[in-house]
Amino acid sequence: MPIKRASAKAKSDNVFGQARKPPRMFRAALYARVSTDDQQTLSMQSRAMREYAARRGWTIALQVREVKSGAAQREARERLLKAARRREIDLVLVWRLDRWGRSVTDLLATLQELEHLGVGFVSLTEALDLTTPAGRAMAGLLAIFAEFEREILRERTRAGLAQARLNGKRLGRPVTAGLHAAEIRKLHSDGISKSEIARRVQIGRTSVRRIINAHTSSRKGKDEMTESNALTAASPTSLAIYKQLLAKLAPVGPFREEIKKTSIHLARKSAFAGVHPRSQHLLLTIKAEKPIRSPRVTKAEQVSKSRWHLDVKVSNIKEIDGELLGWLRRAYDLCA
């Protein structure tokens, strides 16, 4: 019986007649970080990542080592991200997640950018590989925790602002142009142009125009006050209380008086308080975010979803105290 011999024909690399594609060589960027110089894990991180990349058959295209706190701005990590944006790498390899992200929010933001760029992300210690379905599912969980972290921070910020307002602290940017208001008005009264005033005082022309217009409106309002008799019907007691109120409000910030026939509006961008002179007292209507429980508040009226008007009776100068000025200061901040 004849013996069957193997064909001397060389084996083909084709599979079912189709040419087999060579495996893709991923270009990996290694990122290692420690917080201070005395930590000895930097070389250990780099060594572990190089060995892992060699086992996976990846080409190391970039190695980044950084000694900086996670809360600081990290230039080396930004350099790595710029390489990803230039399509110079295919994936990022880190030793542990906390070496890469400052927080869950920061981690998620950078992972989403890498995913958008088509760059993979692998964390060696947590065995997180965003190039796999399981890794992408883990990224979805990270998104949930990031939203939770943002909500916590938002609540803390609101609570801190509310406490600051209760303590009478003035919020917002510090007054800069307003410090030169008297000098600007004097220069303007001397006939100097607004552009020249802005150059001398070294502030913007818009700020100069705003201060001059506010002063002009205030003078116009005072002229109209005598014509419209808004305060002439009030007693000397009410006038004295009103003047003392204006003096106590001056440190809060610039505002204007809008004289009406029966009342006076104290306004920033909009009115934050209304003054109603009576025969022996002033009735103040103060803007607020929520009602205030105090025996001094005679009436609280809700005018919109997040705005209230609080009526407060002021019978003498002593009643213009810290509590009342705190309410007016918060109303002033609402009209920024």
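Any read-out appearing in this document is the output of simple, stated calculations on the displayed coordinates, not a laboratory observation. All values reported here derive from a predicted model rather than from experimental measurement. Glycine also receives a Cβ, built like all others from the backbone with ideal geometry; neighbour counts cover every protein chain displayed.
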Proximal charge balance of Thr125 [Cβ under 13 Å; K/R count +1, D/E count -1]
-1
Pairs over 27 Å Cα to Cα, from Lys169/Lys313; Lys269/Lys290; Lys169/Lys260; Lys194/Lys243, come to Lys169/Lys260; Lys194/Lys243
What net charge is computed for the residues neighbouring Ile60, neighbours being all others with C-beta under 15 Å from the C-beta of Ile60, Lys and Arg scored +1, Asp and Glu -1?
+3
Sites Arg96 and Thr206, calculated FRET efficiency, Cβ-Cβ separation with R0 51 Å, nearest 0.05:
0.50
Consider a paramagnetic label point 7 Å from the Cα of Leu166 along Cα→Cβ; state which residues of segment 293-309 have an amide N under 13 Å from it.
293
Additional length obtainable on full extension of the chain from Glu75 to Arg156, 0.36 nm per residue less Cα span
26.2 nm
Say R0 is 51 Å: what FRET efficiency, to the nearest 0.05, do Thr41 and Leu179 get from their beta-carbon distance?
0.50
Surrounding net charge for Leu187, when Lys and Arg each add one and Asp and Glu each subtract one, Cβ distance under 14 Å
+4
To the nearest 0.05, what FRET efficiency results for Asn213 and Ser193 with a Förster distance of 25 Å applied to their C-beta separation?
0.95
